[in-house]
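Only one structure is covered here, and it is reproduced in the block below.
Just so you know, all these numbers are worked out from the coordinates, no wet-lab data involved. As the structure is a prediction and not an experimental result, all values here were calculated from the model. Positions of Cβ are generated from backbone atoms using ideal geometry, with glycine treated the same way; all protein chains shown enter the neighbour counts.
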Amino acid sequence: MNNNLQIALDNDGKSIWKFLISELKPKGKFLTPFNVISIPIIIIGLGLIILRFWKGIGEVSNVTQDIPWGLWKGFNVVTGVAFAGGAYVLTFMVYILNMRKYRSIIRVTVLNGFLAYAFYAGALVLDLGRPWHIFNPIIGNSFGASSVLFLVAWHFLLYMIAQLIEFSPAIAEWLGIRRAHRILSGMTMAAVIFGITLSMLHQSGLGALFLMAKEKIHPLWYSEFIPVLFLVSSIFAGLSMVIFEGSISHKVFFDQISEKNKNAQNGIIRGLSKICAGTMFAYFFLQLLVFVHKQRWDMLDTALGHWFLLEMLGFVLLPMILFFVSYRKNNIAMIKTAAILTILGVILNRLNVSIISFRWDMAVRYVPSWMEVVVALAVIFSQIWIFRWVINRMPVLRDSPSWANEHN
Amino acid sequence: MDVFSYSDIFATKGIEYLIIITFLALLVPFWLLLNRQVRISSQVNKALGYLSANILRIPHGLFYSKNHTWMYMEKSGAAKVGLDDLLLHITGEVKFSNLISPGEFIRKGDLMTQIVQKGKVIRIFSPLSGKILAINHTLNERPGTPNDDPYGKGWIYKIKPLNWVEEVKKCYFAEEATNWSAKEIERFKDFMALSMKNCSFEPSVVVMQDGGELCDHSLSEMPGEIWKDFDTDFLNSN
């Protein structure tokens, strides 16, 4: 039987192509504050990306032979992937530890994770001197198997596939393809386990990328424990982003969320804050241990030493205390403040390792150009646009149709 | 050319061990302190005889119906039902009458029992449809049992359910049940304020003036009219 006809029949008899075309039409108001800000940035960003590929990376970026890693890698890739860690942590909690309380936010978190990896893989392509080599680890034109990047490349690809499989039941529900939904729902657990395993390795792998740059990264940030620190910090980075993004989605997509899930929101935020408090407590002590092990106390009384202390005390210890206190007092506003501080702290840490303390001793330091900043923002805004498009159409925040609950 | 540098990794071993021991030593009180909030305030409220969300026992593995009954499916396929902690905190010690005999069938919404205190009655409707397998005979032999152990020894019936999946869908579960119970206490406060006004009773008997806290077993001091109102307007209004 013709597959299209079969799918159309599954979709309550409506033609799937007509349905898809109708879904492309915008929903809601066009001139919202977010749209007004993001559209010009995306358009300019697209123009700059064309310029980048036409004239070369030097035309838009301040990266050099001495500092080949710029804002796109340091911010979009290294930092962005840390924040996408919420997906693997939450899927572990829901599917492995069976913490059903967080089930209502699993789809939106996996969606965020998938879009993050997809867009930040794109941002990586932008920052490569020879972007056509991005496929080499996959197709074998010099695999580069001795590099950590080989692991990172394969993990990104496989993890995106795993996340797509985890999210695909939502797509099947949107399209009304019941048969596919049944099959995809059955694959969810395997994809989750695979995804968690991959995530833990490539989160630390992104840290391992810096291991070979011992002489280039400031001693306060360099250690052989960077991979472990990146892995542990990805846990509370991801969960803080879940709290932050969840609070915004809760307001923006309020009409989609069921009464039951609205009532559960504060309990979920509170639970996540407890995990963040515990993880940050361990992370702080890990950083202290590494600091003592590296015997770098003589560097504390320097400009970068003060910067290091600011990161540790202001953006690790302080939000950890805030999470602790706000969990005990059940203060949701304080939890959200702590989440924002944590997000800033993780951005600071990742930028410190990859950009700020990288070749800190050079006479001419790397400062990203305005064009790099615009492109970085354009990547993020584009991701949010796609996220919004999906949320407004697919059953991510709203409940699944009743027929889907039999398979879930 | 790379500069060779040597650092003695054993120089700080002692401090590192101390840091690890400190971390482990601090971890236990950290975790206990983090979780202690609920226990302290619940004990304070218990000591003062206040009814608040913190002192309620709401196991997360049970389903809670809107009329404050709970249901739990055992491995044998029989479901236990009983009254939840909030209802028993409100009423105080009660006796059970009009119990249905084993072997009989009951539908969801049918009268399954009445709880009685000094002649005042509240109807309890069944949250489940099914066949009654057993009644808990200790309920009237030891009337305080449901108050002491509402989810264990305080069960009322064992029922073989006919439509478990459909009928639990409208029930509260886990964190949702906790949030709902907190809201029910507020709703009960409003109910008491309105009932007291209608009956022209002194509000200070039930609601403490300072902070508006409810006393435990608030309903036990109330007359039969308030029990009737509680039955029709609060418990079984849905």
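The label point for B:HIS137 and the one for A:PHE284, both projected 7 Å from the Cα toward the Cβ, are 5.9 nm apart. Size descriptors for segment A:42-98, from the alpha-carbon set: Rg then Dmax equal 17.3, 52 Å. Segment B:213-238 and segment A:217-237 have Cα centres lying 59 Å from one another.
Please identify every one of the trypsin sites (Lys or Arg not before Pro) in segment B:116-167 that sits in a loop by DSSP and has no more than 14 other beta carbons within 10 Å of its own beta carbon.
Listed in order of number, the matching sites are B:LYS118, B:LYS153.
Over all projection directions, the Cα-based convex hull of the protein assembly as shown averages an area of 37.6 nm².
Taking the Cβ of A:VAL78 as the centre, find all other residues whose Cβ is under 14 Å away and add up their charges (Lys, Arg: +1; Asp, Glu: -1).
+1
Taking other residues whose beta carbon is less than 13 angstrom from the beta carbon of B:MET71, and scoring Lys, Arg as +1 and Asp, Glu as -1, yields +3. Exposed loop sites here mean chymotrypsin sites (Phe, Trp or Tyr not before Pro) with a DSSP loop assignment and at most 15 other beta-carbon atoms within 10 Å; chain A contains its longest site-free run at A:144-408. Span-like helix criteria (full DSSP H runs; alpha carbon extent of at least 24 Å along the helix axis; mean Kyte-Doolittle hydropathy of at least -0.5) are satisfied in chain A by A:33-55, A:106-126, A:148-175, A:178-208, A:226-252, A:259-294, A:332-351, A:370-393.
Under the shape rule built on the C-alpha gyration tensor, where the axes satisfy a ≥ b ≥ c, segment B:32-178 is oblate, since a/c reaches at least 1.5 while a/b does not exceed b/c.
Note on the protein assembly as shown: dipole from Cβ charges, positive end direction compared against A:ALA376, A:PHE210, B:VAL168; the farthest Cα belongs to B:VAL168.
Between rounded, prolate and oblate, where does segment A:160-216 land on the alpha carbon gyration tensor, with a ≥ b ≥ c its root eigenvalues, rounded for a/c under 1.5, else prolate if a/b exceeds b/c?
Values: a/c = 7.42, a/b = 3.41, b/c = 2.18.
It comes out prolate by the Cα gyration axes.
FRET efficiency for the A:LEU300 to B:ARG187 pair, using the beta carbon distance and R₀ = 60 Å, is estimated at 0.60. Fully extending the segment from A:PHE143 to A:ARG179 would add 9.1 nm, taking 0.36 nm per residue of separation and subtracting the current Cα-Cα distance.
With a simple spin-label model that places each label point 7 Å from the Cα along the Cα-to-Cβ direction, the separation between A:GLU23 and A:ASN330 comes to 4.1 nm.
Measuring nothing but how far apart in sequence close Cα pairs (under 8 Å, 6+ apart) lie, relative to its length, segment B:109-168 scores a relative contact order of 32 percent.
Can you pull the mean other chain C-beta count within 10 Å for peptide A:286-298? Could the numbers behind the result be given before it?
On the way: counts 2, 0, 5, 7, 1, 2, 7, 8, 3, 6, 1, 1, 0.
That average works out to 3.
Pairs spanning more than 23 Å between alpha-carbon atoms, out of B:LYS75/B:LYS95; A:LYS262/B:LYS170; A:LYS274/B:LYS66; B:LYS118/B:LYS160; A:LYS262/B:LYS75: B:LYS75/B:LYS95; A:LYS274/B:LYS66; B:LYS118/B:LYS160; A:LYS262/B:LYS75.
Each residue, A:TRP132 and A:ARG393, gets one label point 7 Å from its Cα in the Cβ direction; the gap between the two is 3.4 nm. Would segment A:285-324 count as rounded, prolate or oblate if I go by the C-alpha gyration tensor, calling it rounded below 1.5 in a/c and otherwise prolate when a/b exceeds b/c, oblate otherwise? In terms of gyration-tensor shape, oblate.
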